[in-house]
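The values are calculated or read from the model by the stated rules, or taken from the named source; none is laboratory data. This is a predicted model, so every value here is computed, not measured. Positions of Cβ are generated from backbone atoms using ideal geometry, with glycine treated the same way; all protein chains shown enter the neighbour counts.
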Amino acid sequence: MDDAHLTFQPLNELEALMVAAHADPARKAAFRDALLAAPLCALTQAVVDGGRKLEPGDRVQLATAPQADGRAAIILFTAPARIGQVYPVGVSYIQGPGVEMLKLARDGAAMLNPGIPYGVLWTSGEIEALLAG
């Protein structure tokens, strides 16, 4: 384990479960359940006033990162403070339940906490499996 993993301090219960699942695969189910219920932040392309919560029927254009297979991955974070660690200025985001944020990535991929020691990259198939439980 590198120094970044050793010094990582979870900011919330979801991050604590992510660390636990990384160390012990038997904890992955607890992380998955929490992930679907917890609020996640998705970066947007349009500038909004800080972060706002995703409401039913909202239309947003999410920021994406290209993947090796050519698909775009939406960029998700477990907390607004994590966004600031990677993108210190000029970034907007929306916030909503994990299940809803993952539904937005069904046809592509999703990156959780890119640039942070504990993160995940999911393919569309892996997202479908998460949503199916």
Inset, instruction - Considering each residue of the range 38-64, count those that are among the acidic types (Asp, Glu) and modelled with pLDDT of 75 or more, and give that number. - result: 0
Legend entry - Test: ILE83 is surrounded by 18 or more Cβ atoms within 10 Å (Cβ to Cβ), touching a Leu at 6+ places or on another chain (Cβ under 6 Å) and in a helix (DSSP H, G or I): no
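ALA110: more than 27 Å from THR7 (Cβ to Cβ) and either under 15 Å from the mean Cα position of the chain (by Cα) or part of a helix (DSSP H, G or I) (or both), yes or no?
no
Residues checked against (1) among the small types (Gly, Ala, Ser); (2) closer than 16 Å to ALA42 by Cβ; (3) buried (at least 19 other Cβ atoms within 10 Å of the Cβ):
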site: TYR87; (1), (2), (3): no, yes, no
site: TYR93; (1), (2), (3): no, yes, yes
site: LYS103; (1), (2), (3): no, yes, no
site: ASP107; (1), (2), (3): no, yes, no
site: LEU112; (1), (2), (3): no, yes, yes
site: GLY115; (1), (2), (3): yes, yes, no
site: TRP122; (1), (2), (3): no, yes, yes
site: GLY125; (1), (2), (3): yes, no, no
site: GLY133; (1), (2), (3): yes, no, no
Legend entry - Cβ-Cβ under 6 Å pairs, at least 6 apart or on other chains, the range 15-26 side under 13 Å from GLY119 (Cα atoms) and crowded, with 18+ Cβ neighbours inside 10 Å, far side modelled with pLDDT of 95 or more and among the β-branched types (Val, Ile, Thr): GLU15/THR78
Legend entry - Members of the range 27-48 that are among the small types (Gly, Ala, Ser), in contact with a strand residue (DSSP E or B) (Cβ under 7 Å, 6 or more places away or on another chain) and surrounded by 14 or more Cβ atoms within 10 Å (Cβ to Cβ): ALA42
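In the range 60-85, which residues are hydroxyl-bearing (Ser, Thr, Tyr) and farther than 16 Å from ASN113 by Cβ? Let's see the steps before the verdict.
Here is the first cut: in the range 60-85, the residues hydroxyl-bearing (Ser, Thr, Tyr) are 64, 78.
Once the filter is applied, which keeps residues that are hydroxyl-bearing (Ser, Thr, Tyr) and farther than 16 Å from ASN113 by Cβ, the range 60-85 yields nothing.
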